[in-house]
Amino acid sequence: VGWKDGYFAETQRIRKAHHEHNMNDKKEKQRSGTCYCEAVKVVVTGKPLSTSICHCSICQRLSGGPFGIQSLHRQSDVFVNTPQDELWSIQTSKNVTRYRCKDCGSPVYATLSGGKVFVVPRTILFQNQNVDDNSMGGDDDDEDYRPTHHMYYASRVIDVNDDLEKYVGSSSSGQRVLWKKQN
C-alpha cells in the first residue's frame with residue numbers, strides 16, 4: 001500500500017467517524033471549535049464531566065496566562081478531525097499529554113488516564129464569547145460549562161475573587177485539599 005492509498009484510507013476513516021459522530025442517536029447538545037488557523041476541529045457531545053480553572057505552573061507556562069479554563073470529557077464524547085500523529089504533542093506529566101496544531105501552535109486538547117479522558121480548553125469551545133461576560137463559563141444556556149472549582153490555587157499568580165471552591169493542588173478525589181485564605 002503506497003502513501004496515497006494510506007492517506008486516502010485515513011481520510012475516509014475520519015469522514016466516516018465524523019459522520020457517525022454527527023448522527024448521534026441521543027441528539028445530545030454538541031459544541032465545536034477550531035484552532036487559530038482552523039485546520040483542527042474539535043467537537044464534543046453531551047455534558048462535560050467537569051469544568052475547572054487550573055493555576056498549575058504548566059498551564060501558566062504553556063498558555064502564557066495566569067490560568068487555564070478547561071472541561072473534561074469522556075474519550076467517546078470527543079471528535080477531532082486530525083489524527084494524533086498529525087498534531088504536535090508533549091507529555092507534561094506522567095498522566096497528561098497535550099496536543100497542539102502543528103501549523104498554528106494552538107492548544108486543542110490534552111489526554112488523561114491513558115487517553116480515556118479528554119481535556120478541552122475553553123478557548124476552543126467558546127471562541128465567540130463576549131469579552132464583557134465575566135462568568136468565565138460561557139453562554140447563559142451553557143451552565144454545564146461553567147467552572148465549578150479552581151485547581152492548584154496555591155500556584156496562582158493572581159487572586160481570583162469568586163465563590164468557587166479553591167483547591168491547593170489537584171481536584172481529584174482523594175487529593176482534594178481546600179485552600180485557606182491567609183490573613
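Before moving on, here are some points about what is shown:
- Taking θ as phi - 60° and the Karplus parameters 6.51, -1.76 and 1.60, the scalar couplings of the range 104-113 work out to 10, x, 5, x, 10, 5, 9, 10, 10, 6 Hz in sequence order, x denoting glycine and proline.
- Whole-percent carbon and sulfur share, accessible surface of the range 77-131, 1.4 Å: 46
- Taking amide hydrogens as placed 1.01 Å from N in the peptide plane, the amide H of Phe67 sits under 5 Å from that of no residue at least 5 positions away in sequence or on another chain.
- The mean accessible area for residues of the range 28-183, using a 1.4 Å probe and ignoring ligands and nucleic acids, is 57 Å² per residue.
- ³J(HN,Hα) computed for each position of the range 75-84 - Karplus, 6.51 cos²θ - 1.76 cosθ + 1.60, integer Hz, glycine/proline x: 3, 5, 9, 10, 10, 10, 6, 10, x, 3
- 3J(HN,Hα) along the range 37-54: 7, 6, 6, 10, 10, 10, 10, 10, 10, x, 7, x, 5, 6, 10, 9, 10, 10 Hz, from the Karplus curve 6.51 cos²θ - 1.76 cosθ + 1.60 with θ = phi - 60°, whole Hz, x for Gly and Pro.
- Among the trypsin sites (Lys or Arg not before Pro) within the range 152-183, those in coil by DSSP and having at most 13 neighbouring Cβ atoms inside 10 Å are Lys180, Lys181.
- Scanning residues 5 or more positions from Tyr109 or on other chains, those with amide H under 5 Å from its amide H are Tyr99, with H placed 1.01 Å from N in the peptide plane.
- Near-label residues of the range 161-175 by backbone N, under 18 Å of a point 7 Å along Cα→Cβ of Ala154: 165-175
- Other-chain or far-sequence residues with amide H under 5 Å of Trp179's (modelled H): Lys166, Tyr167, Val168
The values are calculated or read from the model by the stated rules, or taken from the named source; none is laboratory data. From a predicted model like this one, the values you see are computed outputs, not experimental measurements. Cβ: placed from backbone, ideal geometry, glycine included. Neighbour counts: every protein chain shown. Heavy atoms of the whole protein, side chains included, go into the accessibility calculation; ligands, DNA and RNA do not. Shrake-Rupley method; radii C 1.70, N 1.55, O 1.52, S 1.80 Å.
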